[in-house]
1. What is the one condition in (1) over 22 Å from residue 10 (Cβ atoms); (2) surrounded by 12 or more Cβ atoms within 10 Å (Cβ to Cβ); (3) polar (S, T, N, Q) that residue 46 does not satisfy?
2. Any chance region 79-96 includes a residue that's open to solvent by less than 100 Å² (accessible area, probe 1.4 Å), without any contact (Cβ under 8 Å) to a residue 60 or more places away in the chain and more than 23 Å from residue 5 (Cβ to Cβ)?
3. Considering only region 70-117, state which residues are outside any helix (DSSP H, G or I) and of a type outside the set (Val, Ile, Thr).
4. With the checklist (1) under 17 Å from the mean Cα position of the chain (by Cα); (2) open to solvent by 30 Å² or more (accessible area, probe 1.4 Å); (3) of a type in the set (Val, Ile, Thr); (4) farther than 16 Å from residue 105 by Cα in hand, flag the one item residue 66 doesn't pass.
5. Quick one: residue 105 ticks every box in (1) open to solvent by 80 Å² or more (accessible area, probe 1.4 Å); (2) over 14 Å from the mean Cα position of the chain (by Cα) except a single one, so which number is it?
6. Among the residues of region 7-26, is any open to solvent by less than 90 Å² (accessible area, probe 1.4 Å) and at pLDDT below 90?
7. So is residue 55 free of Cβ contacts under 8 Å to residues at least 60 places away in the same chain, surrounded by fewer than 18 Cβ atoms within 10 Å (Cβ to Cβ) and out of contact with any helix residue (DSSP H, G or I) (no Cβ under 7 Å at 6 or more places or on another chain) or not?
8. Got at least one residue in region 88-96 being at pLDDT 90 or above, among the hydroxyl-bearing types (Ser, Thr, Tyr) and out of contact with any Lys or Arg (no Cβ under 9 Å at 6 or more places or on another chain)?
Amino acid sequence: MTLNTQIIWLFTLAIPVACIAWTVTHEEIFSEPREYCKRQHEVSKSILRKKFFYLFTCEYCFSFYVTALFLFITKYHLLFTDWRGYLVSGFSLIWIANIYMSMFLFIRTDIKKEGTEAKIKEEELKK
């Protein structure tokens with residue numbers, strides 16, 4: 001696989017990694033399991049149990065496991081053809097996926113801000 005193809009794969013594979021990590025850790029569809037995990041994280045006495053349940057509430061942490069799954073499924077590697085390629089590709093995917101999630105959060109926050117400002121202006125016009 002050429003370097004250009006590897007880079008295209010990197011930026012493409014990061015999209016579903018980011019999408020899955022964001023959806024599980026932020027969206028309403030997973031709110032009940034996420035709230036359960038938050039409670040378990042807070043009340044657990046075992047450090048392993050605490051960390052396990054925290055995994056489902058942190059998009060950064062969860063992206064590690066989603067990336068591992070995608071590397072296993074796709075056998076994608078970056079720069080090297082052996083285990084080093086999987087290591088480089090794993091951290092690279094996590095990094096790009098987290099950039100995507102940060103951009104999504106920024107855009108979403110901006111949209112909410114604009115919506116709130118529009119509602120305030122509407123209320124002011126009504127008065």
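1. Only one criterion is unmet by residue 46, namely (2).
2. Taking every residue of region 79-96 in turn, none turns out to be open to solvent by less than 100 Å² (accessible area, probe 1.4 Å), without any contact (Cβ under 8 Å) to a residue 60 or more places away in the chain and more than 23 Å from residue 5 (Cβ to Cβ).
3. Matches in region 70-117: 75, 76, 77, 78, 79, 80, 82.
4. It is condition (2) that residue 66 fails.
5. Among (1) open to solvent by 80 Å² or more (accessible area, probe 1.4 Å); (2) over 14 Å from the mean Cα position of the chain (by Cα), residue 105 violates only (2).
6. Yes, region 7-26 contains a residue that is open to solvent by less than 90 Å² (accessible area, probe 1.4 Å) and at pLDDT below 90.
7. no
8. yes
The values are calculated or read from the model by the stated rules, or taken from the named source; none is laboratory data. Note that this is a predicted model, so its numbers are computed, not measured. Virtual Cβ from ideal backbone geometry, glycine too; neighbours counted across all protein chains shown. Calculation scope for accessible area: heavy atoms of the full protein, side chains included, ligands and nucleic acids excluded. Shrake-Rupley method; radii C 1.70, N 1.55, O 1.52, S 1.80 Å.
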